[in-house]
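First comes the structure, then the notes that go with it.
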Amino acid sequence: MKLYELRGKDDVRFSTFAWRSRMALLHKGLDFERVGVGMADKETISFSGQKLVPILVDGETTVTDSWRIAEYLEDTHPDAPSLFGGDTGRRFARFFNSWIDSQVMPVLFPLLAVGVTTLNAPEDEAHFRGKFEGLFKKTLEELAEGREAGLPKFQRLLAPARDLVKAAPFIGGAMPLYPDYALYGVFIWARIVSSTQVLKADDPLAAWFERMLDLYEGEGRRQRAAV
Ligand SMILES: N[C@@H](CCC(=O)N[C@@H](CS)C(=O)NCC(=O)O)C(=O)O
């Protein structure tokens, strides 16, 4: 299998969505090759019929969108460790995934997005700035000025996830499941793009994130963090 991921300068892989898929593949114990793609390079991924990563290619099959990739892996590898823990778990995971996309990432992204400019390859910088400054109608530097007010808001809205990791080591319980990987995608993105501490040191989610970084022989720690 091949996993297409966003690639920045020095081969940095910072896409929050690609991290979800990478962790899902590791969870399933599957062999895969990682293919880095520049943000503005739409030609390399034109075979997929759309413009975003991650993309999973499995023989003749191409799957786009990180949630669909997770479902595909679960359905095609039912005997490997489950990503969802059954049908009810799949529905809960979908809720969680959707909560992150619609509520969590939109609050954090504008606060830290300026950090991505330090990782962008030169040919991707105009694409990134143009897309998000157009969307938010502010420069990335202006958006970063909202950090002081925005981070406490971000921390407060994580309450449902915090509740779960107070009760067990992982959101999935004793072991991580896909909801762990979906939220991990947010924090590992933050760790790579910015040295800003997005969680207080005594937040139970901070200890959970350290546990997540240890998974699969420290896969997350192998990716350089921002300094
Ligand atoms: N819903 C999609 C979102 C994918 C997405 O937004 N990917 C970003 C990288 S984090 C991307 O490919 N951006 C390229 C661009 O903006 O042109 C998923 O879950 O995979």
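Quick note: the coordinates plus some simple rules give every number you see, no bench work behind them. None of these values were measured; they are calculated from a predicted model. Reconstructed Cβ throughout: ideal geometry from the backbone, glycine too, with neighbour counts over all protein chains shown.
The alpha-carbon of LYS131 sits under 22 angstrom from the alpha-carbons of these lysines, leaving out residues fewer than 8 places away in its chain: LYS9, LYS42, LYS51.
Just the number: Rg to Rh for the stretch 53-148, Cα atoms, Kirkwood Rh, two decimals.
Looking at the stretch 53-148, the ratio lands at 1.09.
Shape descriptor for the chain: Rg over Rh equals 0.94 (Cα atoms; Rh from the Kirkwood inverse mean 1/r). A P(r) calculated from all alpha carbon pairs of the stretch 1-76, with 10 Å bins opening at zero, reads 20, 59, 21, 1 percent. For the stretch 155-227, just list the percent of Cα-Cα distances falling in each 10 Å bin from zero outward, please. Going out from 0 Å in 10 Å bins, the stretch 155-227 shows 19, 58, 23, 0 percent. Comparing ARG211, ARG90, ARG13 in a Gaussian network model of the chain where C-alpha atoms under 10 Å apart are linked, the largest mean-square fluctuation is found at ARG211. For LYS153, the aspartates and glutamates whose Cα falls under 20 Å of its own Cα, not counting residues fewer than eight places away in the same chain, are ASP101, GLU141, GLU142, GLU145, ASP163, ASP202, ASP203.
If you take the alpha carbon atoms of the stretch 88-211 and fit the smallest convex hull around them, that volume is 112 Å³ per residue. Among LEU164, LEU56, LEU140, the residue with the largest mean-square fluctuation in a Gaussian network model of the chain, with springs joining Cα atoms closer than 10 Å, is LEU164. Given the convex hull over the Cα atoms of the stretch 126-181, what projected area results after averaging over all orientations, in nm²? Mean projected area for the stretch 126-181: 5.5 nm², to one decimal. Separation of the stretch 164-205 from the stretch 43-94 is 21 Å, based on Cα centroids. Here is how the number arises for the chain: DSSP H runs of 4 or more residues each give -39500 (n - 2.57), the sum is divided by the residue count, and the result at 222 nm is -16500 deg cm²/dmol.
Note on ARG91, ARG22: ascending count of other Cβ atoms within 10 Å places them as ARG91, ARG22, the fewest first.
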